[in-house]
Amino acid sequence: MSDAYQSPADSPFRHAAEERDRAPQFVLPMVVRIEKAAPPARTDALETAARAVLVILGDARSSGDGEWAEAVRDWQDARIRKVVRRARGAEWRRAGALPGITVTGKSAEVRVFPPVPLDGWPKDLARLQVSGTDLDDPEAPEPADPGVPVLWLNPGLEMSAGKAMAQAGHGAQLAWWELSGRERTAWREAGFPLAVRTAAPDRWQELTGSGLPLVRDAGFTEIAPGSCTVVADHPALR
């Protein structure tokens, strides 16, 4: 699912929208494994996608003189687009042969790749489908563990699993930007624990006014531009 975060005025990226739009546009590709006989649970897929974004941001190859660093910088200097595609069988094996990182959850597997130009996708990824990422939770998710960062979804929006995976990734990235170096290291060393949950309506109103990182969608797919989709509630940011 294609997506782009629209940075609010108080974001760590305070460039004007026009400046970000003039920059070359890149996208962070993510592929979720969806086998017909054993699709992952929806919440697990969302949480795994969010962790995958953090894993590639925290990887040594994405900073300094790392082999992915220039692409990651170029991507973050523009709109932080993410596209989630699905794969199974041989498609998944071909995706796994490309440079990237596979992150696993309880039942989900998500492979994240270094950013690529919008029109420069590797052919083995470009041929994968965006649609068909609708997933369900067999049982209602349990309450998030106390002290774990929570990415709260807007209860008033309906999103496909692919769209929600991209939005959860945006929320995780916003939290990462706001943390200090010490706080980032602690989160990374702990394995990036997090939860994705849908907020109760009254809680959502409280969260959106809390000053915590808030994702506003650019509106390219599924929902209206400017829709608030995720609040990143990391304990260190309260």
Notebook entry, point to check: Can you find even one residue in region 192-215 that is of a type in the set (Phe, Trp, Tyr) and on the phi > 0 side of the Ramachandran plot?
Noted result: yes
Notebook entry, point to check: Residues in region 197-210: is at least one surrounded by 12 or more Cβ atoms within 10 Å (Cβ to Cβ), at pLDDT 95 or above, small (Gly, Ala, Ser) and in contact with a Pro (Cβ under 9 Å, 6 or more places away or on another chain)?
Noted result: yes
Next item on the list: Tell me which of these Arg111 doesn't satisfy, since it passes every other one: (1) surrounded by fewer than 17 Cβ atoms within 10 Å (Cβ to Cβ); (2) farther than 22 Å from Val215 by Cβ.
Entry: (1)
Check: If you go through region 196-205 one residue at a time, do you hit one that is small (Gly, Ala, Ser) and within 21 Å of Ile56 (Cβ to Cβ)?
Finding: no
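Residues are listed down the side, and each one gets a yes or a no for (1) in contact with a Leu (Cβ under 8 Å, 6 or more places away or on another chain); (2) farther than 22 Å from Ala108 by Cα:
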residue	(1), (2)
Trp152	yes, no
Gly156	no, yes
Gln167	yes, no
Ala190	no, no
Ala199	yes, yes
Pro225	no, yes
Check: Within the bounds of region 97-108, is there any residue that is buried (at least 20 other Cβ atoms within 10 Å of the Cβ) and modelled with pLDDT under 95?
Finding: no
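The values are calculated or read from the model by the stated rules, or taken from the named source; none is laboratory data. Computed from a predicted structure; not experimentally measured. Please note: Cβ atoms are built from the backbone with ideal geometry, for glycine as well, and neighbour counts cover all protein chains shown.
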